[in-house]
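Below is one structure; the comments refer to it alone.
The values are calculated or read from the model by the stated rules, or taken from the named source; none is laboratory data. The model shown is predicted, which means the values in this text are computed figures rather than measured ones. Every residue, glycine among them, receives a Cβ derived from its backbone with ideal geometry; neighbour counts consider all protein chains shown.
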Amino acid sequence: MDNARHGRKVALWAAGAVVATGALIAVLVTLGGSSETVEPTTGPTEASDGCAGVEGQSIDLDTQVVQPEPRTCFELDAAASVTIGAAALEPTDTIELAVYDATGTQLGSAASAPEWDPEVSVELEPGSYVIEVTGLVMGEDPPFLLYTATFAPQPGASPAPGEGVDTASVPPAEACGAEVPQLADDAPVSVVDDSSAADATLDPSAAGDVHYACVVVDEPVFAKVGVASEDPDDIDSPDLTMAVYLASDDGDATLVRTADDAIGFDPETSLALEPGTYMVAASAWLGGATGAVEIYYDDDADLFRRSEATSMHAGVTPDVCDDGASVAPGDTLTVEGERTYVCLDNDQAQRLTIQAATLTDQDLVLEVLGFDEAPYRLAWADGNPYSDVLADFDPLLDQTVPEGQWIIAVTTYFTGTAADYDLRIVPGGGE
């Protein structure tokens, strides 16, 4: 995928959906990222004792193992989102990764591509699971590194919002403005190197720290919440993730939304909030350190972050809108055959839902581009925040879009040319 940094550091991912059976699956691809904080285990760990009900080399989760056996297994005591990835130790080797449940049902798979390592993220219930890594070249099983990371179950993976999510560490509502610094529109909270500063939360250099900021919502609002690092395009930038919780006085928080960084763009989400006190949690993947970051909140739609356009769109110009392929709020366009760019004429700043829905079996990616001497990215999506289907191929953006002409770029996840899809633009946002 050409729309991201490449490398073999196991720390930064961009998510995309794949077909799944019995679990919510997202294939993720390793990119260059922040420094690893987990010490890898060299060589096979224990002998292949197996796990309950399955055979394979038993491994612990949240670890890296160098040169494990091709078939490994692990046991899960509680529901969790589990990320599993493999990286061939020789750049020219190609491998395939597959995850199975105890009955042998495949839950997801991914294969190497040029400069890409396979990774799968699965929403799992308690039980035993098997990981198999094989060489794509017949008869060859190249050496590889295997890594895993666990997270709280994601929204949509449980029957009710927040069910099964460990929220014990989320501060109660009464901590907002006291132990937890309070956000407001145009008043971000900084996680800074000087831990004595009034707006600091935790030490940004400490691995595994989760930084909280809070916001009090007095009336229903459509707001934007995000975490910004100093330079998300830097290959050494932290690999950030964010969660928004509805806090309560008794400490029983409810997970509302999660967001991850994506291709040079730190975590950000726009969502409708009801009155209440919300906790925003910023952390780094694999228990890494966040570094100096800023947590921000915008409730009057005047904050818009820009980032570099995906490299495959770096040469696009406004002339692409001259061929007549354009839409306006309220339109739905059916694209027949191949087409990458459609122009959006937005007559006023407004909340819009923009969705590309495949008419075949493509895994689509949606990017909104502006132009100011060179193209820049306003927004990017490869999934639908409202969806809980097992395989989500149709990206959806729901956010405020400024007035003007915008270029909507639709590609497949691995930067292939998209074809045969519907594009809809819905004023007022929502699903």
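Of all the listed residues (310, 290), the sole one being over 23 Å from residue 421 (Cβ atoms), β-branched (Val, Ile, Thr) and buried (at least 23 other Cβ atoms within 10 Å of the Cβ) is 290. There is at least one residue in segment 257-273 that is surrounded by fewer than 16 Cβ atoms within 10 Å (Cβ to Cβ) and either in contact with a strand residue (DSSP E or B) (Cβ under 9 Å, 6 or more places away or on another chain) or part of a strand (DSSP E or B) (or both). Within segment 380-394, residues that are modelled with pLDDT under 85 sit with their Cβ atoms under 6 Å from residues that are in a loop (DSSP other than H, G, I, E, B) and among the acidic types (Asp, Glu), at 6+ positions apart or across chains, in these pairs: 383/392; 384/392; 386/431; 393/363. Test residue 98 against the stated conditions and say whether it is under 21 Å from residue 285 (Cα atoms) and part of a strand (DSSP E or B). So residue 98 fails the test.
Restricting attention to segment 229-256, the residues that are modelled with pLDDT under 90, crowded, with 20+ Cβ neighbours inside 10 Å and either in contact with a Phe, Trp or Tyr (Cβ under 7 Å, 6 or more places away or on another chain) or assigned to a strand (DSSP E or B) (or both) add up to 10. When the test is whether a residue is modelled with pLDDT under 90, in a helix (DSSP H, G or I) and acidic (Asp, Glu), residue 322 passes it. So which residues in segment 74-103 are of a type outside the set (A, V, I, L, M) and either free of Cβ contacts under 8 Å to residues at least 12 places away in the same chain or within 14 Å of residue 121 (Cβ to Cβ) (or both)? Of everything in segment 74-103, those that are of a type outside the set (A, V, I, L, M) and either free of Cβ contacts under 8 Å to residues at least 12 places away in the same chain or within 14 Å of residue 121 (Cβ to Cβ) (or both) turn out to be 81, 83, 85, 92, 103. Taken over segment 392-423, the residue count meeting the criterion of being more than 23 Å from the chain's Cα centre (by Cα) and surrounded by fewer than 16 Cβ atoms within 10 Å (Cβ to Cβ) is 6. Within segment 126-182, restricting attention to residues that are among the acidic types (Asp, Glu), in the same structural domain as residue 101 (by TED's automatic domain parsing) and at pLDDT below 90, the residue that is farthest from residue 211 (Cα to Cα) is 140.
Just a yes or no: is a residue in segment 364-372 under 25 Å from residue 314 (Cα atoms), without any contact (Cβ under 8 Å) to a residue 12 or more places away in the chain and out of contact with any helix residue (DSSP H, G or I) (no Cβ under 8 Å at 6 or more places or on another chain)? Looking through segment 364-372, at least one residue is under 25 Å from residue 314 (Cα atoms), without any contact (Cβ under 8 Å) to a residue 12 or more places away in the chain and out of contact with any helix residue (DSSP H, G or I) (no Cβ under 8 Å at 6 or more places or on another chain). With respect to being surrounded by 18 or more Cβ atoms within 10 Å (Cβ to Cβ) and either touching an Asp or Glu at 6+ places or on another chain (Cβ under 9 Å) or in a strand (DSSP E or B) (or both), residue 122 fits the description. Here 333, 352 are screened, and the one residue that is in the same structural domain as residue 395 (by TED's automatic domain parsing), among the hydrophobic types (A, V, I, L, M, F, W, C), surrounded by fewer than 18 Cβ atoms within 10 Å (Cβ to Cβ) and part of a strand (DSSP E or B) is 333.
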